[in-house]
Amino acid sequence: MSDPRFEELLREQGLLDLDRLMTHDGYFTEPSLFNTYAQVSFLDDLPLDERNRALVRAAVEHLGTILDHARKFYAGRTLDFFCAVTVTGWEYLDEGDPLMPRFWIANPSRGAFDHVRLAPPSWDESAMVAGWLDHDPAYLLNDDIVGSRLERVFVQRQDFQLPPVVRGEA
């Protein structure tokens with residue numbers, strides 16, 4: 001991680017204990033990169049768009065670390081793990097609050113994907129996330145729509161995707 005303050009955030013949130021992230025007893029968990037705005041106050045001098053870019057990029061960088069660890073953790077056995085970055089907090093963006101990147105973690109065998117349906121990215125918010133990631137083709141974005149509003153933008157690695165039925169392609 002290029003900025004040690006992000007590594008400290010990950011440590012505070014328990015996101016550096018990679019073995020612990022590999023199994024989850026429930027449906028899914030979605031720990032956040034930070035819990036309070038004070039934890040990311042080191043970004044306050046940046047314009048909001050740049051703050052959000054830095055937060056999303058830090059989360060996506062750590063996503064790679066988590067997924068690399070998952071491959072090693074599950075080596076020689078069935079991979080029962082999925083993780084994506086979700087970008088939430090869109091309803092507070094107009095108030096000037098930074099977005100909240102989270103890590104959507106699940107073990108597929110526990111049924112986490114039985115009811116998840118993601119839409120192809122079509123919202124302006126997805127376009128913003130894609131821009132913050134410099135439209136890197138290594139990432140697949142999807143919208144999680146609840147009712148008629150965007151709940152989350154999912155950021156997945158192309159080499160570690162959800163099954164097609166989850167993306168609404170079946």
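The values are calculated or read from the model by the stated rules, or taken from the named source; none is laboratory data. This is a predicted model, so every value here is computed, not measured. Methodologically, a virtual Cβ is constructed for each residue, glycine included, from the backbone with ideal geometry; neighbour enumeration extends over all protein chains shown. Only protein heavy atoms, including side chains, enter the accessible area calculation; ligands, DNA and RNA are left aside. Shrake-Rupley method; radii C 1.70, N 1.55, O 1.52, S 1.80 Å.
Of the accessible area of the chain, with the probe set at 1.4 angstrom, what percent is carbon plus sulfur? Please report the intermediate quantities before stating the final value.
Values: 4180 of 8460 Å².
Looking at the chain in its full context, I get 49 percent from C and S.
May I ask you to give the solvent-accessible area per residue for the range 50-161, in square angstrom, as obtained with a 1.4 angstrom probe?
Using a 1.4 Å probe on heavy atoms only, each residue of the range 50-161 averages 45 Å².
Return the loop-located trypsin sites (Lys or Arg not before Pro) in the range 47-152 (DSSP other than H, G, I, E, B) with at most 14 other Cβ atoms within 10 Å of their own Cβ; answer none if there are none. Kindly include the intermediate steps, with their values, before the conclusion.
Numbers: sites: ARG51, ARG53, ARG57, ARG71, LYS72, ARG77, ARG102, ARG110, ARG117, ARG149, ARG152; in loops: ARG77, ARG117.
Filter output for the range 47-152: ARG77, ARG117.
Please state the charge dipole magnitude for the chain, taken about the Cα centre, from unit charges on C-beta atoms (+1 on K and R, -1 on D and E), reported in debye and rounded to the nearest 20.
740
Taking chymotrypsin sites (Phe, Trp or Tyr not before Pro) as exposed when DSSP calls them loop (any state but H, G, I, E, B) and at most 14 other Cβ atoms lie within 10 Å, what is the longest stretch of the chain free of them, the sites themselves excluded?
Free of exposed loop sites, the longest segment is 75-170.
Jot down the radius of gyration and Dmax of the chain, Cα atoms only, both in angstrom.
In Å, with Rg to one decimal and Dmax whole: 15.5, 48.
Note down the Stokes-Einstein diffusion coefficient of the range 76-170 in µm²/s, whole number, using a Kirkwood radius over alpha carbon pairs, 20 °C, and 1.002 mPa s.
Rounded to a whole number, D works out at 152 µm²/s.
Which whole-number percent gives the relative contact order of the range 73-151, counting Cα pairs below 8 Å spaced six or more residues apart?
25
Based on DSSP H runs of at least 4 residues, each adding -39500 (n - 2.57), what is the mean residue ellipticity at 222 nm of the chain after dividing by all its residues, to the nearest 500 deg cm²/dmol?
It comes out at -9000 deg cm²/dmol, rounded to the nearest 500.
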